[in-house]
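What follows is a single structure, written as structure tokens, with notes after it.
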Amino acid sequence: MEFSATSRQGRVGTVIEVAGDLDMSTTPQLRDRLYELTEGGAQVVVVDLAGVGFMDSSGLGALVVGYKSLRERDGWLGLAGVRASVRRVFSITSVDRVIPLFDTVAEAEDASPLVP
């Protein structure tokens, strides 16, 4: 599957829809997209990982950096549609205790503390 990280306006912020494997060769695309959004003033970002079947430590690192960047600007990052294989990476590293995981984009948007 071809990798993509496209963004769209969601109900309460920006949704980044990621598809394909998130590894060291594709992570820069996600990292750059998160950076652009954060620097552009985004306050709420939901990363939809429903299309991701594999994620390595570089993908995890990009999401943590994005989370920290948003938090430093009083923003919020949530992850949606996380498959079991990817969820294990978050669980093993305890990142799921820091970055909230949701079953759907709608649930993530509803949980955002910055909902207008």
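Just so it is clear, none of the values below were taken in a lab; they were calculated from the coordinates. As the structure is a prediction and not an experimental result, all values here were calculated from the model. As a convention, Cβ positions derive from the backbone with ideal geometry for all residues, glycine included, and neighbour counts pool all protein chains shown.
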Neighbour-count ranking [beta-carbon atoms within 10 angstrom, fewest first] of I16, I92, I99: I92, I99, I16
Equivalent-ellipsoid semi-axes of region 51-116, from the Cα gyration tensor, Å, largest first: 20, 15, 9
Cα-derived Rg over Rh, computed across region 8-49 with Rh taken as Kirkwood radius: 0.98
Compactness of region 7-103 as Cα Rg over 2.2 N^0.38 Å, two decimals: 0.96
Cα-centred dipole magnitude for region 4-111, charges only on beta-carbon of K, R (+1) and D, E (-1), debye, nearest 20: 160
